[in-house]
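Undergrad: The structure that follows is given in the form of structure tokens.
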Amino acid sequence: MVEKISHTPGSAYLLTYNRDPLAPPLSQYELGQKICLDMGFDHFAVCHVGRTSMDCKQAGANCFVTNFPTAWVEKYTLEKLFHSDPILAFAPRTTRATPWADLGNLGALTPDNRKVLDIAAEHGIRSGLFMSARNFAGDMQIVSFSNTYLRDFSAQERHCATLVGLALADAAAETGNTQPETKEAEFTARELECLTWVAVGKSSHDTAMILGISNNTVDFHVKNAMAKLEASTRTLAVVKALRMGLINP
């Protein structure tokens, strides 16, 4: 589980995990609260969609884990704003934490979409990040973090939010399974070295320059690590490696 996320001037965000197998896992709500505190968000929300092609808008009716203000949750539910919520509509199109301000880049916002955002702002929900993620059980979830003020997000903040968003999506599945993950696969030092640089947001080109190897060699080692971790993306590989204590960026 996420233990600490810290940021100091001139340094990258550090994401570390509680690796004590005897420590009780945090619930999804507790983890969401902790992420908000550590990353400077005011609210979070997770919409559980499931493994099927269930309509995300309908899922928003009753599948939320959130610390949003009660007044907003009641209005959102009673007035069925989830039918026009652009976050629910567009989140399945991105697996990286995306600023609300970039919603228009994923599709055309309708007047009803804009109305939901305006009503949210009236309730003190003015900016944030959103993404979709599949937890380790294979269930799709939509994760959103928000602030009560207009906030710009750096590339590093978005990268870190993507990692913790994946961890948050997986929290529900992990709560029901307290067995620690095994380390059956053996990783080479270079595989873990490349994966560590991925964890801090470096591209293959950046990593190649740092390590003095080619881009293709970096991709080769990262793909090997992904295969051993049974991860479909680099980001998911990083989250799994962090959870298992394989890397410590």
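Undergrad: State which residue is farthest from Glu74 (Cα to Cα) when the search covers only the range 93-119 and only residues that are crowded, with 22+ Cβ neighbours inside 10 Å and not β-branched (Val, Ile, Thr).
TA: Among those residues, the one meeting the criterion is Ala97.
Undergrad: Conditions first: (1) in a loop (DSSP other than H, G, I, E, B); (2) touching a Pro at 6+ places or on another chain (Cβ under 7 Å). Val116 passes all but one, so which condition is the exception?
TA: (1)
Undergrad: Could you tell me whether Thr162 is polar (S, T, N, Q), buried (at least 19 other Cβ atoms within 10 Å of the Cβ) and either modelled with pLDDT under 90 or closer than 29 Å to Val46 by Cβ (or both)?
TA: So Thr162 fits the description; yes.
Undergrad: Further, regarding this structure: Check Leu236, Leu195, Leu242 and return the single one that is touching a helix residue (DSSP H, G or I) at 6+ places or on another chain (Cβ under 6 Å) and within 21 Å of Arg134 (Cα to Cα).
TA: It is Leu195.
Undergrad: Filter the range 126-148 down to the residues that are part of a loop (DSSP other than H, G, I, E, B) and modelled with pLDDT under 95, then identify the one that is farthest from Thr95 (Cα to Cα).
TA: Ala137
The values are calculated or read from the model by the stated rules, or taken from the named source; none is laboratory data. The model shown is predicted, which means the values in this text are computed figures rather than measured ones. When we count neighbours, we look across all protein chains shown, and the Cβ atoms used for this are built from the backbone with ideal geometry, even at glycine.
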